[in-house]
Each structure stands twice: as structure tokens, then as C-alpha cells.
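Take a look at the structure set out below.
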Amino acid sequence: MTTAAWESVDASAVETARSLGASPTRAFCDVVAPQIYPAVVLGTVLTFVFTFGTFPIVLALGGFELATVEVFVYRLVRDLEYAEAAALALVELGISLALLYAYLRYEARHTVAAEGIRPLPRRPLRPPSLSVRELAPRVGLALYVVVALAVFVAPIASMVYASLTGPTGPTLAHYEFLLERQVSGASFQVQPWDAVRNSLLFAGAALAVALPMGVVVAVLTTRRYRGRKVLDAVAMAPLAVSGIVVGLGLLRGLVFGVEVGGTRVAVGGALAIVAAHAVAGYPFVVRTVAPGLAGLDRSLVESARALGASRARVLADIELPLVWPAVVAGAAFAVAISIGEFSATVVLASGTSQFTMPIAIERFIGRRLGPATAMGVVLLVVTSASFLVIDHLGGETDAF
Amino acid sequence: MPSERGPPAVELEGVTKRYGGTTAVDDVSLAVEKGEFFTLVGPSGCGKTTTLRLLAGFEAPTEGTVRFGGQDVAGVPPEDRDVGVVFQSYALFPHMTVRENVAYGLNFADPPGGVATERRVADLLDLVDLSGMADRDPDTLSGGQQQRVAMARALAPGPDVLLLDEPMSALDAKLRERLRVQVREIQEELGITTIYVTHDQEEALAVSDRVAVLRAGRPEQVGTPRTVYREPATEFVAEFVGDNNVFTGEVRDVVDGVATVAVGGEQLSIAVADDVAPGDSVTVCVRPERLSLAGEENRLSGPVRSAEFLGGTTRVRVGWGERELLVRTEDPPSGTVCVGFDPCDAHVLPE
């Protein structure tokens, strides 16, 4: 997000500041920084909200003293203390939504219109000379890359490594265990293939809901009218609401059933899982598609309308083809969110037949670390493969 | 030119458009006849583009009525209004070829005259001299070519009214002059009612049947280019359309339709209408090209303050007391000069 904001800063504004006597640092503080603050704040808020609602990692790593609100909610749900869970969930929801609303108010006041701008020049990674001035920023960048690698790449690498090593050196035993479990496991045990299949089915179904929903919300949020900010907040809310809360809500509302005109309407666990995944995924579709739509020249839409196209036709013929890469990216996000979703699924899944890959991993972690890492690698491969498929399909559709 | 009697092709009656506290269009009533080339001209923020958007149906008026061929079009969406629109940015669909762009409107309406879609597209590309460009992508075309594709696209479904929103503002001066002639030729050939928005008063005078000069959301004057130039109705029109010298003075006496007007200690002879009487305060304007160094009447003298060489003529600013006179001459003068004008070349603004 910060990168996108930075790219939309007009180079001539910086050059003007420089020609007026500002040093590079001063020009950055006075011209660039104010324009990227909203993006930095958004990034910060999202990071906070995500961490606030992080559940699986804390469940896996932390003991009781590290337990977050989320974990408490989960415990209460497990112990069938629904009322207390709901109360705690409300507290969490309140804090997250308040933060998000505060951000949206801030953004509304700080959005800088960027039209016809010339982006800032990029500097080459290789220093043109060996002066401190040229080297210092690059050394900083290198340090950042090292930290990023340690936090993001190292866990994945170590997982792949662990899945291929046993007590006696390199081995495929963990994968063999998965196969064995699939072939001969009892029905109450986790079936690896079923988990993969469930994950893909849920992801596909969640995508089918989240994509159209996200596109429609994106269209609505990019037009100007009264109450647009409220809609924007509602569209962002699922980002702030953790999976546990969504799961709890769906459990109480849909799975246990609601009284509608005297009859109890209940929805199966699988449908509730799809709903939870779709709700978790569509904000990402909105957030990738909306900027693209907002960046389109309004007169493209108006020209098409004047030529006789209805609003829906314009969306199909003009707007979506032009922001198609963003739609594909949104779809990839929605699928990734669904495949990786743990919190809501673990609340809603009513048996091994509805277990997804992340839940299978969690079940394995308790007793057998090896198979858990192997399952983790399977998850990684399946997710990467779905990205490739989405990218491929997206590319083909683009060519019509 | 109006070709037949009947309801005006386009009519605004008491139309007002407010955004929050600002009034963009203020109680405008205009009627455009069938086949007319009608131009809305004015400085930025005068409401001309908003007026066009109200006609296209992109905006709804806060008050008042818009009629097409006598029919109230309130609530009719743009796609059902039979208008063709060309924007300043052209708004060509970048993911479609020139041919697909021009054919797009034919998805929703049969080509006029019952010809096939391909035939219609070819005819229109021919009309705008782009026959060889059908399979090109819009971004490979020059600005002028893109503008012509946008024209062809807007005309393809055979709209009743063509709306042009500053279609040439993004082009360089030479191209603009050539294209405006072409736009006018196409408009005359098709006889299509055209409403043209521009901030360029010269462009407005050059192409239009009639012009409405807008200021702060209101038409100051509506008339033929000749009338608007020669007989401006207000001081704003006098100064906005072309260069002008405008000054206010008091009528001392009137003899045989010629008034003696006292301006800044000078007595000027000005041809006036019958209703001007001694003691009246009048606003007089004289075009710079009517002031000449050789003029024998109303001779005014002062120092040359600046001379802009414009090629064919030179625009000279001459100090005249506290005022300044604009003079157009062929030879750039210097030092102190004496200019004069014929009493009949001055125009007195109506009260």
C-alpha cells in the first residue's frame, strides 16, 4: 500500500521543493511524507487488526500467558460457553471496528488527488559510486531484505526441510505416513486427501461467492454519493472481524438455526464454512478491484452509456476488461484466504469429513510434527498450483 | 440553421443545477433548433460542461425541465436519450480496436438506413478520413486521429443530438483549426443538431450557427457569432469575446444620432440609438482593429506601453490617462502615438 502511494507522488512536486531550496531529506519530509501518511497509517492499522485477531499462530505457539482474546473466545466456544464467547467477541469487534472507522475518517481528510502525474525516478540498486551517501541507503535496504527473509522465507524453508528429514537424516517417511493414513486411516482420523479436496471445494465455492460480491461492492464504493464512507467501512469490516467471530456468528445464526416465521431455518456446516470463507475473502477482492475502477477515466463509462449500453453492460464490456488483472489478483487473494482460513473453519467444521488442510495440520501438530510439516508442504503446493491455475484462466479470459 | 418548424430539438427551461452550496447552472432557458450548431462558450467554471452533462443525462437538474424534441427527458438514462457524446479525453476504449470502438454503439441500436454494421463502420471511418486505421489500437493513433475516431463512434448509432465537450482542447493550435473545419463540415453534411462546449471564444465564433456566452451559470447573451462579436449585450461579453476597449462616460448632448460622450476629460463622438439622452451614463466599446493610427475622428494620444508582434498584426497597448487602449496595427509604432476611430465603429451597450 505504501508502495502504491509512493508511486503516485508527482516527481515535479519534489523537484519544485528542491528548486525552492529544500534538501533531499527536507523535500521528503515536506512533500513526499504527507502524501504517503494515509497509506502508512492504513498499513499500520491493518497490521494491528490482523495481529489482534491472529488466532492459529498464537494457538500453535503460545501458552496460556500468551493467549489473545481470540484464543479465549475459541476456548469458550469449545467449552460450549457461547454467551461468554459472544460477549468477548463483541469487545474484540468493537475495538477493531473503532480502529478501522478512525482510519477511514483519516483517509477521507487526507486523500490527495493524483491525476496526470509523473512518478518519482527510481534509483538503481547497484551504487554508481562507493560514497557513504550512495551506500548508506543500500545497506539499509539489504538489512531489511535479510529481516524479511528471516521472518517470511525461513519458516517456509524450515518447514520444507523438516518435512524431508527424520531422526536418521533425509527421509520421505512423513509423506509415506500421509499416504498410509489416507489408505488405512479410520473415519474419525484426519484423511489428508479429503482435507485437500475439502480445501479446494470450499475455496472454489467461496471464490464463486466472493468474486461477484467483491466486484459489486467495489463498483458501489468507487461512486460518489451520500453514505459511501459507511459502505466502505462495511466492505472493510470483515478484515477487522476475526475468523473466530465470523465462525461464532455463523454457528449461532445459521448452523444452530434461526426462527423465521415459526420455522427453524438451519444451514449445514459446509455451507456455513463457504459463507465464512467468502466473507473473509471478498474484502480483498474489493481492495484490489476498487482502486482500478476508481482510476478509470469516468468518461469511458459515460461514453459507453451515451452509446446505448446499460450500467451492467458497461461493467461487463468496459470496466472489468480494463481492470482484469486486478480482478484476477482479487480472485487469487480470495482463494488464498479460503485455503489458509483456520479460525472460522475450526469453529464450524462438524467432523473429519469437513476438515480442511490447515485443520489437518493443526491436528497433526499436537502429536506428530513430521506429518504436520509434510501436510504444510502439501498446502503450499496446492495453494501455489491454484495461483497458477487462476493466473492461467485469467490470462485466457483476458484475450476475448 | 433551423430547417423546419416544430418543437426545438433540445430545450432547457428554467434549469438549475446545484452541488451542495454551489450553483453550477443557474436558471438557464435555451432552445436549440433542429440541425443547428449551437455553442456554449465561457470561462472555466461558467457551467457549460455541467449544462452538457445535464443534456446527456449524466446529471439530473436540481430544478427545471430538459426536453428533446418537445419530450421531457427527466429520469431518462443516457443510454435511452439518442445522444452522441465526444469528450475532451476522447474516452476511446483502450482494449478495443478502432473498428470495435466505432461499432460498439451498434450493439444497442440498428445502424440507421438499415445498412449492415460493417458497412456503417466503414462509412463512418471514411467520413472522418480514417479508412485505413480500422484495425489499429487507439493508443497507436495521434491525438487528432483519436478525436476523429471518437466522433465516428458517437455518430455511428445515428443519434438525434451530438454533444461535444471541449473535443479539441488537448490538441495543438494548428490541428485544432483544421479539425474544427472538419467537424463543421461533417455536421453540415449530416445535418445533425450539435451542441458544442468550448472555452475558446475564437473556436466558438468560427464554427457556430449560434453562440451562448455563459458566465457564473447563466447565459449573458445568445446570438449569432456576428451579433455576439459586434453587438455584445453586456460588458462581460464585450471583453470575453475577442479583444475590446470598454469605457464608461456621460452623454453631454445628442445631435443626429451622434452623441458627445465625456470620458476621462476627452469628448468622444459616438453613434447611438434613439433612446440615449443627455445626462445618461453609457458604456462604450470599440474593437482594437477599429482604432487606427490614421483615424481622423476621436483622436486620442498616449505613450506606447507594449507591442506584441502576432505575425499578421501587432497588438499595441497605448496609455490613455489612467486607462489603456488596445490597438491592432500592421506596423509596430513606438514613442507617443495618436489613434482615432469612426463614431459608427463604437458600440454602446444596452442598459
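Remarks
- Normalising the Debye intensity of chain B to I(0), with uniform scatterers on Cα atoms only, and taking log10 at q = 0.09, 0.12, 0.13 Å⁻¹ returns -0.61, -0.93, -1.02.
- Heavy-atom accessible area order for B:Leu171, A:Leu380, largest first, 1.4 Å probe: A:Leu380, B:Leu171
- Between A:Leu393 and B:Thr22, the simple spin-label model (points 7 angstrom out along Cα→Cβ) gives 4.6 nm.
- For a paramagnetic label modelled on B:Asp280 (point 7 Å from Cα along Cα→Cβ), amide N atoms under 13 Å away belong, within the stretch B:236-254, to B:249-254.
- Counting only heavy atoms of the protein chains and using a 1.4 Å probe, B:His347 has close to 40 Å² of accessible surface.
- Rounded accessible area of A:Thr288 (nearest 10 Å², 1.4 Å probe): 30 Å²
- R0 of 25 Å, Cβ-Cβ distance B:Ala173-B:Thr314: FRET efficiency to nearest 0.05: 0.85
- Spacing of the two label points (7 Å from each Cα toward its C-beta) at A:Leu135 and B:Glu185, in nm: 6.8 nm
- When each full DSSP H helix of chain B is screened for a Cα extent of at least 30 Å along its own axis and an average Kyte-Doolittle hydropathy of at least 0.0, none passes.
- Area accessible to solvent at A:Leu211, 1.4 Å probe radius, in Å²: 40 Å²
- Ranked order, B:Lys34, B:Lys48 - accessible area, probe 1.4 Å, largest first: B:Lys34, B:Lys48
- Largest-first ordering by accessible area, 1.4 Å probe, given options A:Trp193, B:Trp320: A:Trp193, B:Trp320
- Gain in span if fully extended, B:Val76 to B:Glu351, counting 0.36 nm per residue against the direct Cα distance: 94.9 nm
- Expressed to the nearest 5 percent, the antiparallel share of DSSP beta bridges inside chain B is 75 percent.
- Chain B packed on chain A takes about 1700 Å² of accessible surface away from a 1.4 Å probe, both sides summed.
- Label-point gap, in nm, between B:Asp139 and B:Glu231 - each point 7 angstrom along Cα→Cβ: 5.3 nm
- Relative to one another, the C-alpha centroids of the stretch B:252-285 and the stretch B:205-237 are positioned 25 Å apart.
- If R0 is 41 Å, the Cβ-Cβ spacing of A:Leu231 and B:Glu118 corresponds to a FRET efficiency of close to 0.40.
- The shape of the stretch B:228-285 can be summarised by an equivalent ellipsoid whose semi-axes, obtained from the alpha carbon gyration tensor, come to 21, 13, 9 Å from longest to shortest.
- Calculated FRET value between A:Arg197 and A:Ala157, using beta carbons and R₀ = 22 Å, to 0.05: 0.20
- Extended-chain gain in nm, criterion 0.36 nm per residue less alpha-carbon gap, B:Asp243 and B:Cys344: 34.6 nm
The values are calculated or read from the model by the stated rules, or taken from the named source; none is laboratory data. Quantities reported herein were computed from a predicted structural model and do not represent experimental measurements. Methodologically, a virtual Cβ is constructed for each residue, glycine included, from the backbone with ideal geometry; neighbour enumeration extends over all protein chains shown. Surface areas here come from the heavy atoms of the whole protein model, side chains and all, with no ligands, DNA or RNA. Shrake-Rupley method; radii C 1.70, N 1.55, O 1.52, S 1.80 Å.
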